[in-house]
Each structure stands twice: as C-alpha cells, then as structure tokens.
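> Sharing a structure with you now.
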Amino acid sequence: LLNVPSNYKVLFCHGGGRGQFAAVPLNILGDKTTADYVDAGYWAASAIKEAKKYCTPNVFDAKVTVDGLRAVKPMREWQLSDNAAYMHYCPNETIDGI
C-alpha cells in the first residue's frame with residue numbers, strides 16, 4: 001500500500017508529536033550534550049522543556065511581530081551552534097498563530 005522499500009521498517013507509535021519531544025534527543029544526541037532549538041511558540045517551548053531532561057538546549061527565540069502579526073525571524077538571523085547534535089524547529093505553531 002505504501003510501497004516502502006524492503007530496507008526500511010514502519011513503526012507505528014502512540015503519543016503523537018509530544019512523544020517525539022523525548023524520542024528525538026534520546027535517539028539523536030549520541031555523545032553530544034547540546035542541541036539547537038528554535039523557539040517559535042508553544043510547541044517549541046514544550047519540546048525545549050522535555051529536551052532539558054536529556055541535554056543542554058541552545059535556544060534561539062525566533063518570534064517577532066511584523067505589522068502587528070506574529071512571525072518567525074528570517075533563518076539568516078537564527079543563532080545556531082556549531083557543535084549541536086541536531087536542530088529542532090516546529091514550522092507549524094498552530095496554538096500561537098504563527
């Protein structure tokens with residue numbers, strides 16, 4: 001049905017997006033102790049809170065107001081670290097309206 005290649009496996013998990021807030025650092029950090037988190041609103045803040053249990057997140061506040069509307073700063077302004085295991089960004093901040 002999905003035409004998934006035989007060298008891939010499909011894993012169905014409960015927990016939705018919130019479950020991934022812990023799964024990402026637990027599986028991707030490896031030997032590193034930091035990860036970059038772009039704070040664009042509610043879901044990012046939830047992911048950052050969970051990540052603090054497993055690493056020291058480098059948090060960049062990407063929120064900005066333009067013409068009275070909430071938006072995300074351009075990527076060229078993001079302050080990311082050179083030694084992060086990964087970068088977390090939630091582009092769909094539905095609760096905050098971004």
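> What's the total number of residues in segment 49-68 that are farther than 16 Å from N92 by Cβ and not in a loop (DSSP other than H, G, I, E, B)? Step through it out loud before you land on a result.
Taking segment 49-68 first, the residues farther than 16 Å from N92 by Cβ are 49-61, 64-68.
This time we only want the ones that are not in a loop (DSSP other than H, G, I, E, B), so: 49-51, 56-61, 64-66.
Of the residues in that region, 12 qualify.
> To continue, here is another question. Identify the residue in segment 8-17 that is assigned to a loop (DSSP other than H, G, I, E, B) and in contact with a helix residue (DSSP H, G or I) (Cβ under 9 Å, 6 or more places away or on another chain) and, among all such residues, is surrounded by the most Cβ atoms within 10 Å (Cβ to Cβ).
Per the criteria, the residue is G15.
So that you can scan it fast, the table gives a plain yes or no per residue for (1) modelled with pLDDT of 95 or more; (2) polar (S, T, N, Q):
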site: S46; (1), (2): yes, yes
site: A51; (1), (2): yes, no
site: V72; (1), (2): no, no
site: G97; (1), (2): no, no
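Table: residues versus (1) without any contact (Cβ under 8 Å) to a residue 40 or more places away in the chain; (2) under 26 Å from D96 (Cα atoms); (3) touching a strand residue (DSSP E or B) at 6+ places or on another chain (Cβ under 9 Å); (4) surrounded by 15 or more Cβ atoms within 10 Å (Cβ to Cβ).
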site	(1), (2), (3), (4)
S6	yes, no, no, no
G19	yes, yes, no, no
K32	no, no, no, no
N58	yes, yes, yes, yes
T65	yes, yes, yes, no
R76	yes, yes, no, no
N83	no, no, yes, no
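> I would also like to ask the following. Identify, by number, the condition in (1) over 17 Å from P91 (Cα atoms); (2) touching a residue at least 24 places away in the same chain (Cβ under 8 Å); (3) of a type in the set (F, W, Y) that W43 doesn't meet.
The failed condition is (1).
> Let me ask something else. Could you look through segment 34-48, keep only residues that are over 10 Å from the mean Cα position of the chain (by Cα) and outside any helix (DSSP H, G or I), and pick out the one that is surrounded by the most Cβ atoms within 10 Å (Cβ to Cβ)? Steps first, answer last, please.
Quick first cut of segment 34-48, residues over 10 Å from the mean Cα position of the chain (by Cα) only: 34, 41-42.
Then keep just the ones that are outside any helix (DSSP H, G or I); that gives 34, 41.
On the way: T34: 16, G41: 19.
Looking at residues that are over 10 Å from the mean Cα position of the chain (by Cα) and outside any helix (DSSP H, G or I), I get G41.
The values are calculated or read from the model by the stated rules, or taken from the named source; none is laboratory data. For clarity, every value in this text was computed on a predicted model and none was experimentally measured. When we count neighbours, we look across all protein chains shown, and the Cβ atoms used for this are built from the backbone with ideal geometry, even at glycine.
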